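Enquirer: Provided herewith is a single structure, encoded as structure tokens, for subsequent inquiry.
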């Protein structure tokens, strides 16, 4: 949900290019109508909206469809401090570069589709010990003996293990579902 028409158009085009079928809505009324008629795979909410803020809409989405992944997408980092924002799956600061938003959408939809827990695995024959995975997910990876080691496989929910997969220059990291 985005009240700014140009932003809505940008999101629509970018997400269609990614293969998604977004339903853009501009206000609470449209959002609630769509939620009553259709259960989306994921919701992206702006926080600052006319008539009702995104946090209030968030409460309605959670009451109506508590199992839908929700991303708060805001230009205001202070909104992260609102207690209700803790209930979302991701909080992303707005940017003209939608890479982070698209990556988070992909990760949440893959996680929802898989249903299982994803655990990182390192192919030591391929790993060159560059440390890029450690920079992205220090809670999960550690460099020892010039190889990446998985030290916190259960912490993929606190960091973005998919990003570690994406940044590995030799594709030595994969995510296996358990």
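Please treat every number below as a calculation from the coordinates, not as lab data. Worth saying up front: this structure is predicted, and the values here are computed from it rather than measured.
Enquirer: Quick one: length gained pulling residue 171 to residue 135 fully straight, 0.36 nm per residue minus the C-alpha distance? Mind dumping the intermediate values first?
Expert: On the way: separation 36, 0.36 × 36 = 12.96 nm, distance 1.56 nm.
Contour length minus the Cα-Cα distance gives 11.4 nm.
Enquirer: Then there is this: Reported to two decimal places, what Rg/Rh ratio describes the range 118-177 when computed on Cα atoms with Rh from the Kirkwood expression? Intermediate results must be reported in sequence, preceding the final value.
Expert: Values: Rg = 9.8 Å, Rh = 10.9 Å.
Here Rg/Rh amounts to 0.90.
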